[in-house]
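Working notes, beginning with the structure itself.
The values are calculated or read from the model by the stated rules, or taken from the named source; none is laboratory data. All values reported here derive from a predicted model rather than from experimental measurement. FYI the Cβ positions are ideal-geometry reconstructions off the backbone, even for glycines, and counts take in every protein chain you see. Calculation scope for accessible area: heavy atoms of the full protein, side chains included, ligands and nucleic acids excluded. Shrake-Rupley method; radii C 1.70, N 1.55, O 1.52, S 1.80 Å.
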Amino acid sequence: MPKGVKIVISLISFILLLIIVAGFFLIKSSVSYEGSIETELNSDITIERGRGGVPMVIAGSIDDAYYAIGFLHAQDGLPLMEYFRAIANARISEIIGEKGVLIDKLSFTVGFSRRADELFKNLNRSYRSYLNSYIKGINRSKGRLGHLKRFFFLSDDEWTGIDVISILLLFEWTDSFLNNRELIFPMPTGITSPQLQNLFPSTLAYNYPKKHEGNILILKKIKFILDDFLGPFLQGFAIYANGKKTIDSRPVMGFLINEKMHVYPKWYPLSIEIDDNKIDGITCLGLPFIFFGNNNNLSFCVYNLQVDTQEFRIEKIKKMNGIPRYFRKGSWKKFKTLSRDIKIGKGGKISEHQISIDIRMTDKGPVISDMFKDDYETDPISIRSIFPGKNYISSLFEIPLSNNPWEARQHLKNVHSMPKIHLFSFPKKAMRVYSGLLPLRYNIKKLFKRDTHRDYKILDLSKYIHLIKNENIIIGSNIFKKAPRLIREYAIIDNKKIYNRLTELINKDKFIEIQDIERLLCDTHSGLAKGYVSLFISLLREIPLPSAKLSRIYFDDWSFFMGDQSVPGTIFQTLLAVMLKETIGDELEGSLDMVMENYHLIVDNFYELLIRNRSYLFDDISTTEKIEDRDMIFDRALLKTMRFLNEEMGPIMNDWQWGRLHNGHYILPLMKKGSLLVRILNNFEDIRVNGGNFTICKGSINVKDGLRAEEVSCLAGIFSEGLSSISLSYGIAQNPRSEYYKNINPLGNFIKYTEKDDGYIMKLIPKE
């Protein structure tokens, strides 16, 4: 190529780069967090931005405060809010096309918006007023964000109170469905040998005959799309350090929230001041409620318990006078039927193509199998669920305003919601409180129920309350150490390793400082590795390969922390996954992927099998010509581990750092793939992720995707008298024009709610 042409090409490339960079900075500086905005309010609201963009709101009334929350949620998180709203209203297919049809069918079948409509009408007038203030704030802010359509596919429709309640119902029901124990390890009858049965926790292993294969398939499909589109809600843990254990005699509450990486975190921190009352809290985009907070008198938090509350029922049906009916308690009842056309679009443009769905409703819930009737042959399966009631919504509004734990606890009595655990702390005392409804079933191990004259009982969990004066407290969505027996019976898993590590750290020193709580919340010590590694070291001694010797050296020096630069952590996690797969792969046929998806639920039992070394599982049934044992399986697993890590990260073992495998990034749905500038702004890079399935700072592992990060701790917080601080692993703003956009880092950098770093001040003022 002639030199002159090269110069011209280089010059053009340089100019294009300058244009892109200039455009980038122009866009990033075009969002204003200052100035005055006219609203329909009767009084002023002041919004000041602290470090990292955390807003501090000064309002004259509660209604004004909720207006400000709605305004801020839309200003910083509208794309995610519109995504949740579209799913809750069964309209996501209008935006993303065929991919959204199943989730729309599910949403219509369950009826989030139908239930929300009824719930909104029955709310107390003051709570409807709060909701209306919140949506007015959303719509006022949304009206100023037309430029976002350049980056995201957003609806023009204004928000309503029904939209908000629909999203709450969607989140709660999704979390319930993901906790169905029947769908964790469902196995065809006859596939599991007695040795394999010992691998699965007895409460999670469900066998089904071949005739139910289609039924299991559609239920697993529902679980997959819920996990893919939404993920868990209100999951994590919290600790309370009693004032007698802290260096300044003030009690401290620390908490973590976990989210799946494939959907951007929905949590939004802010501070509200009304007269002399101040609340530092964590809200959820699309919802006005403060789920975690600290007011002048009380610190509070809540988690959904990972317990099984839903029931699948195969309906007995026959036609009477040409009309299908279902059997219920000795009589034949007529279905209620509902129909709807689901519109298919792409990029916000609706096509003429649409899909019709007809569903049947029973007195216990919808026939959920109807959404698959054109694709799969199944039994008529209905689902019975615990849905949030108006008293649950009232509790969400009232608890942040409570003056003490007893007042807060009063709002939790007879609340209709899935089971929850709350922590309330105040000077010198704390309270662990349960709430929600737990259905007590007669045959807990039966996968599909049939109609009987006996109905299950409903237990109100609010009667379980523990007032604690001089002790530390640990609660969590999967921590059941001191939970009542009936709750433990329905639990998915009791995470004893996390509980033990938290107990160890909180009792480590005579006195605890705030910095100790910060370190605790970011702890990556693996209780799982501690037992396994000693066994792996003994097995490695028998292998003469240089890689085995090097692995043993790394393990000998390892303190079991799963930091992103950990080499032994990388070898351990990979070796464990490969060892498990090599052991059970021949036994499980087509069910291996399902088991590996939930491998963290069987690693304790697998460890016991390895230690005893007497299981026939280690003999590969596909190699009839020879008998294999544990050590032979381990040798093969080690070779495959070394080969995999070599291919992924090169031949130098010191380069095998955990974060190079265990990484990922948060995904913002509804993004456009437009111009080069849009692609640059929306291109979130993978970040290294600390932790594992059994570390306090969570970083669960997707063994089907090269050990990439899946569910992670995305937010950590600390509440104490006169102090509130948070650490975020994501940017508070989803607006590409904001300076708070795309700020993704590991947890650890705690910022105080009161820290004023940016100094932006915005006024919401009444129209003249």
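Before moving on, here are some points about what is shown:
- Seen from Ser129, the other residues with C-beta closer than 15 Å to its C-beta sum to a net charge of +1, counting Lys and Arg as +1 and Asp and Glu as -1.
- Sorting 142-149, 431-438, 164-171 by average packing, meaning the other beta carbons within 10 Å per residue, from highest down gives 164-171, 431-438, 142-149.
- Electrostatic dipole magnitude of the range 421-513 [Cβ: Lys, Arg +1; Asp, Glu -1; Cα centre; debye, to 20]: 320
- Considering only Leu305, Thr246, Phe152, the residue lying farthest towards the positive end of the dipole of the chain is Leu305, judged by Cα position with unit charges set on Cβ.
- Links that overshoot a 21 Å alpha carbon limit, given the list Lys121/Lys266; Lys429/Lys482; Lys245/Lys429: Lys121/Lys266
- Separation between Cα centres of the range 339-402 and the range 687-724, rounded to whole Å: 31
- A dipole drawn for the range 222-286 from +1 and -1 charges on Cβ atoms has a positive end, and of Leu230, Phe255, Gly286 the residue lying farthest that way is Phe255.
- The per residue volume of the convex hull around the alpha-carbon atoms of the range 23-113 is 163 Å³.
- Above-threshold pairs, the threshold being 21 Å between Cα atoms, out of Lys428/Lys752; Lys260/Lys673; Lys469/Lys510; Lys260/Lys704; Lys336/Lys457: Lys428/Lys752; Lys260/Lys673; Lys336/Lys457
- Whole-number percent relative contact order across the chain, with pairs defined as alpha carbons under 8 Å at least 6 apart: 20
- Here the dipole of the range 171-237 is about 300 debye; that uses its Cα centre as origin and unit charges on the Cβ of Lys and Arg (positive) and Asp and Glu (negative).
- With semi-axes defined as the square roots of five times the eigenvalues of the C-alpha gyration tensor, the equivalent ellipsoid of the range 240-371 measures 48, 24, 14 Å, largest first.
- Shape category assigned to the range 96-136 from the gyration tensor of Cα positions, a/c cut at 1.5: oblate
- Cα gyration tensor category, rounded, prolate or oblate, for the range 640-768 with a/c compared to 1.5: oblate
- Here is how the number arises for the chain: DSSP H runs of 4 or more residues each give -39500 (n - 2.57), the sum is divided by the residue count, and the result at 222 nm is -11000 deg cm²/dmol.
- Sorting Glu587, Glu118, Glu182 by accessible area puts them as Glu118, Glu587, Glu182; the probe is 1.4 Å, largest comes first, and only protein heavy atoms count.
- Simple Cβ-charge dipole of the chain, Lys/Arg +1 and Asp/Glu -1, about Cα centre, in debye nearest 20: 1900
- Farthest toward positive dipole pole in the range 284-378 [+1 Lys/Arg, -1 Asp/Glu at C-beta], among Ser331, Ser351, Thr362: Ser331
- The protection proxy used here, the mean number of other Cβ atoms lying within 10 Å of each residue, ranks peptides 65-76, 282-293 as follows, highest first: 65-76, 282-293.
- Note: relative contact order over the range 116-261, using C-alpha pairs below 8 Å and six or more positions apart, is 19 percent.
- Protein heavy-atom accessible surface, 1.4 Å probe, per residue over the range 350-416: 44 Å².
- Mean-position separation - Cα centroids, the range 404-450 and the range 43-122, in angstrom: 26
- Relative packing of 57-63, 35-41, 735-741, 724-730, which averages over residues the other C-beta atoms within 10 Å, highest first: 724-730, 735-741, 57-63, 35-41
- Rounded if a/c under 1.5, otherwise prolate or oblate - the range 235-283, Cα gyration tensor axes: oblate
- Contact order normalised by residue count of the range 60-168, Cα under 8 Å, 6+ apart, percent: 44
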